[in-house]
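Note sheet for the following structure.
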Amino acid sequence: MFERIIALSLAQRGLVLVGVATLVAGGLFALTRLPIDAVPDVTNNQVQILTQAPALSPLEVERYVSVPVELALRALPDVVEMRSLSRSGISVVTVVFEERVETYFGRQLILEKLRDVDLPPGVETPELGPVSTGLGEIFRYVLEDTTGTRSPMELRTIQDWIVRRQLLGVPGLAEVNSLGGEVKQVQVLVDPDRLAGYGLTLREVFDATAAASGTAGGGVIETGPEQLSVRSVGLVETPEDLANTTVRTTGGIPVRLGDVATVTVGPAIRFGAATEDGRGEVVTGVAMQLKGANARVVVAATKARIAEIQKTLPAGVVITPYYDRTEFVGRTIGTVARNLGEGALLVVVVLLLLLAHLRAGLILASTIPLAMLFAIVCMVLTGQTGNLMSMGAIDFGLVVDGSLIIVENILRRIKQRQDAGDPLSDAAGMRRLVQSGAAEMVKSAKFGVFIIILVYLPIMTLQGIEGKMFRPMALTVTFALVGSLILSVTYVPVMCSLFLKGDKPIKESRIIAWLHVRYRPVLERALRSGRVVVGTTVALLAIAVFAFTRLGGEFLPRLDEGDLAVQIIRLPSVSLSESLKITGEVERRVAAFPEVRTIVSSTGRAEISTDPMGVEIADAYVI
């Protein structure tokens, strides 16, 4: 089959060149669509169910919220495991599905089951966590007031109602989580003495407050040829409106909510806060990318949107980013690109030195970027990610191996004709020689490539976290090898027929000639001493196996992001104010180091709590 492909390629050289040009265009286009990240995302296929229960203790949350939710989800199909975390005021149930289950289908199954959950009064409706992963936090920023005149509540209101709402429209963002400041609430502070004086109960106050705001429809009134809609508007817009709400009418005299309670604006109960550089509390935002999105593209779009939002903010309010995933991704991919470039250059230099033929070396060198573009196209089509593991494993020596065998044999055939005094001077004769020379070695070329691919097949069968980590590497290398094999039987013969000249002298490389002289006597002695060679080889193998058992092991290569994540842990009984005081002291001491640009800490949990920490724990990001 490969012999026929070689013959067809040489007969249709123009078509092959058009195909190569199409590969270049398609590969460059695919490169702009290839998701880029530092490391593979090994997060399993999970869905989080978050349920707020502000009045319940951890034991009550476990008993009345987590357990009923788990029981309702017990019958879900394709579930690998289910676990829960119950903290004061919140329940987090995590359902892990099989990898083959589509993300949104799994979420739909959970929503259908949650309709049957019977939760006690005061517990909010369960909601699903954002469609993100463990590597989803790609951008963090601080909202600051340079004038120092705005309260934490005002800054948090700006974050929630201006910044967050506009950021949610960025393509690829799953959620923008807010932490810090004070969430604005209209609070009804009941006076027990006044309540008893009017003979009212708390239930009556609750019911009156809940029914205070609303709109009721009253049908329509026809007036001639037209009709008018009738409705009663009772929307509460200010605390004064709520204070004027009637709780009960006694003897024709209404008792208003303001008669038994103080209606005021105040902060919601806080389960977390954010601080910066030991200077006090700030408001922070965390942008979480959609599962499977391109971090580089999403961060770029987020920063562009922030630049637009900044123009709409009140004077003195500034958005200051302090963590940007693309900086780490850029450094990692830059390292990979530099190593790949150095490897490609080394391979090209070695080829030119050993072949001693500039045109043949350049033909082989051109297969390296073409095979890479072929691999990138396949990665995009199969949904792979370009990262340290997938791209860094490509060996350009393996990529050019098949083409090298064919080109070297073609050069040998040309030199044989020249030594016999019959140099090729016509194009048709050159094509026939290239075809016979390529067909002669194509079996060896394809056998070598298939053997290498066979080595990677066990890696492709890995499942779970191991599969997510190493399968992209095996697939990327396989794509590059398949591309190199296709090029070796199509592109390489065509280029050899176009640029190799049969009437130009072919000289053997001096390095190869020097190696032949030294290698022949060594080979002859080895053949005469077969037992010694085999015994030495077996001994070396035994030593290698023993050394392998003493090697350390790491699941991931060591990566230095340049920034640090420090976790500060206090006693579980610590209050939020005391926890923030300790965190501020830690920040001031860490910020004293000249290498530290800034340090921002997140204490406790946010309202959308994908990581439900208590107030005794703080995550400090040291930049």
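Contour minus end-to-end for Ile512 and Thr461, with contour as 0.36 nm per residue of separation and end-to-end as the Cα-Cα distance? Before the final figure, lay out the partial values.
On the way: separation 51, 0.36 × 51 = 18.36 nm, distance 4.10 nm.
That works out to 14.3 nm of additional length.
What FRET efficiency comes out for Arg203 versus Thr335 if R0 is 56 angstrom and r is the Cβ-Cβ distance? Round to the nearest 0.05.
Numbers: r = 65 Å, r/R0 = 1.17.
The value I calculate is 0.30.
Nothing charged except the Cβ atoms of Lys and Arg (+1) and of Asp and Glu (-1): what's the magnitude of the dipole of the stretch 9-154 about its Cα centre? Round to the nearest 20 debye. Kindly include the intermediate steps, with their values, before the conclusion.
Working: 12 positive and 19 negative charges, 106 e Å.
About 500 debye.
Putting +1 on Lys and Arg Cβ atoms and -1 on Asp and Glu Cβ atoms, find which of Gly562, Ile506, Pro54 reaches farthest to the positive end of the dipole of the chain.
Comparing the listed Cα positions along the dipole, Ile506 ranks first.
Would you compute, from DSSP H runs of 4+ residues alone, the mean residue ellipticity of the chain at 222 nm, taking -39500 (n - 2.57) per run and dividing by the full residue count, rounded to the nearest 500?
Values: 23 runs with 315 residues, N = 623.
It comes out at -16000 deg cm²/dmol, rounded to the nearest 500.
Which whole-number value in Å³ per residue fits the convex hull of the alpha carbons of the stretch 426-524? All intermediate terms of the calculation are to be shown ahead of the outcome.
Details: hull volume 16.2 nm³, N = 99.
Convex hull volume per residue, Cα atoms: 163 Å³.
If one computes the Cα centroid of the stretch 164-193 and of the stretch 4-40, what distance in Å separates the two points?
50 Å
Given labels modelled 7 Å from the Cα in the Cβ direction, how far is it in nm from Ile543 to Asn44?
Rounded to a tenth, the inter-label distance reads 4.4 nm.
Give me the percent relative contact order of the chain, please, defined on Cα pairs under 8 angstrom at least 6 residues apart. Before the final figure, lay out each step's value.
Details: 996 pairs, mean separation 121.0, N = 623.
Taking the mean separation of contacting Cα pairs over the length of the chain, I get 19 percent.
Can you compute the radius of gyration and Dmax for the chain, using only the Cα atoms, both in Å?
Expressed in Å, the Cα Rg and Dmax of the chain come to 35.1, 128.
log10 I(q)/I(0), Debye, Cα-only the stretch 21-175, no solvent, q = 0.09, 0.20, 0.21 Å⁻¹?
Debye curve over Cα of the stretch 21-175, log10 I(q)/I(0) at q = 0.09, 0.20, 0.21 Å⁻¹: -0.45, -1.24, -1.28.
Could you give the size of the charge dipole of the stretch 192-273 about its Cα centre, using +1 on the Cβ of each K and R and -1 on the Cβ of each D and E, expressed in debye and rounded to the nearest 20? Walk me through the numbers before you get to the answer.
Numbers: 6 positive and 9 negative charges, 66 e Å.
Roughly 320 debye, rounded to the nearest 20.
Given Met613, Leu354, Val170, which one lies farthest toward the positive end of the charge dipole of the chain, if we put +1 on the Cβ of every Lys and Arg and -1 on the Cβ of every Asp and Glu?
So the residue we want is Leu354.
If I take every Cα pair under 8 Å that is 6 or more residues apart in the stretch 64-152, average their sequence separation and divide by the length, what percent do I get for the relative contact order?
27 percent
Identify the chymotrypsin sites (Phe, Trp or Tyr not before Pro) of the stretch 540-623 meeting these criteria: DSSP loop state and at most 11 other C-beta atoms within 10 Å of the C-beta. Numbers along the way, then the final one.
Values: sites: Phe546, Phe548, Phe555, Tyr621; in loops: Phe555.
Those that pass, being in a loop and sparsely packed, are Phe555.
On a 19 Å Cα-Cα criterion, which of the cross-link pairs Lys415/Lys501; Lys415/Lys443; Lys415/Lys507 come out too long?
On the way: Lys415/Lys501 11 Å; Lys415/Lys443 22 Å; Lys415/Lys507 8 Å.
Pairs exceeding the cut-off: Lys415/Lys443.
Please find the FRET efficiency linking Ala211 to Arg4, where r is the Cβ-Cβ separation and R0 is fixed at 56 Å, and quote it to the nearest 0.05.
0.10
Using the per-residue mean of other Cβ atoms lying within 10 Å as a proxy for protection, in what order, highest first, do the peptides 479-486, 337-344 fall? Don't skip to the end; give the middle numbers.
Numbers: 479-486: 22.9, 337-344: 13.2.
Ranked from most to least packed, the peptides come out as 479-486, 337-344.
Multiply the residue separation of Leu362 and Gln187 by 0.36 nm, subtract the distance between their alpha-carbon atoms, and state the gained length in nm to one decimal. The partial results should precede the final answer.
Numbers: separation 175, 0.36 × 175 = 63.00 nm, distance 7.65 nm.
Full extension of this stretch gives 55.3 nm more.
If you stretched the chain out fully between Arg83 and Glu585, how much longer would it get, using 0.36 nm times the residue separation minus the C-alpha to C-alpha distance? Could you put the intermediate results ahead of the total?
Working: separation 502, 0.36 × 502 = 180.72 nm, distance 3.55 nm.
Gain on extension, Arg83 to Glu585, equals 177.2 nm.
So which GluC sites (Glu not before Pro) in the stretch 65-160 are both in a DSSP loop and have at most 11 other Cβ atoms within 10 Å of their Cβ?
Glu102
Taking the mean number of other Cβ atoms within 10 Å as a proxy for protection, how do you rank 578-589, 287-298, 207-218 from highest to lowest? Write down the numbers at each step before the final one.
Working: 578-589: 17.3, 287-298: 21.7, 207-218: 12.4.
Going by the mean number of other Cβ atoms within 10 Å, highest first, we get 287-298, 578-589, 207-218.
Taking the Cα atoms of the stretch 31-110, report the difference between the largest and smallest coordinate on each principal axis, in whole Å and largest first.
52, 27, 17
Using a simple charge model, +1 on the beta-carbon of Lys and Arg, -1 on the beta-carbon of Asp and Glu, nothing else, what dipole does the chain show about its Cα centre, in debye to the nearest 20? Don't skip to the end; give the middle numbers.
Values: 60 positive and 63 negative charges, 783 e Å.
Taking the Cα centre of the chain as origin, the dipole is about 3760 debye.
Along the charge dipole of the chain, which of Gly180, Leu257, Ser403 sits closest to the positive end, that is, farthest toward it, with unit charges on the beta carbon of Lys, Arg, Asp and Glu (+1, +1, -1, -1)?
Looking along the dipole axis, the top candidate is Ser403.
Between the helical axis of 427-460 and the dominant principal axis of the chain, each derived from Cα atoms, what acute angle in degrees is found, rounded to the nearest 10?
Around 40 degrees separate the two axes.
With a Förster radius of 22 Å, plug the Cβ-Cβ distance of Ile162 and Glu327 into 1/(1 + (r/R0)^6) and report the FRET value to the nearest 0.05. Don't jump to the answer; show the numbers that get you there.
Details: r = 26 Å, r/R0 = 1.19.
Efficiency, from the Cβ-Cβ distance: 0.25.
Values quoted throughout were computed directly from the atomic coordinates according to the rules given, and no laboratory measurement underlies them. A quick note: this is a predicted structure, and the numbers were derived from the prediction, not measured. A quick note on method: Cβ atoms are made from the backbone with ideal geometry, for glycine too, and the neighbour counts reach across all protein chains shown.
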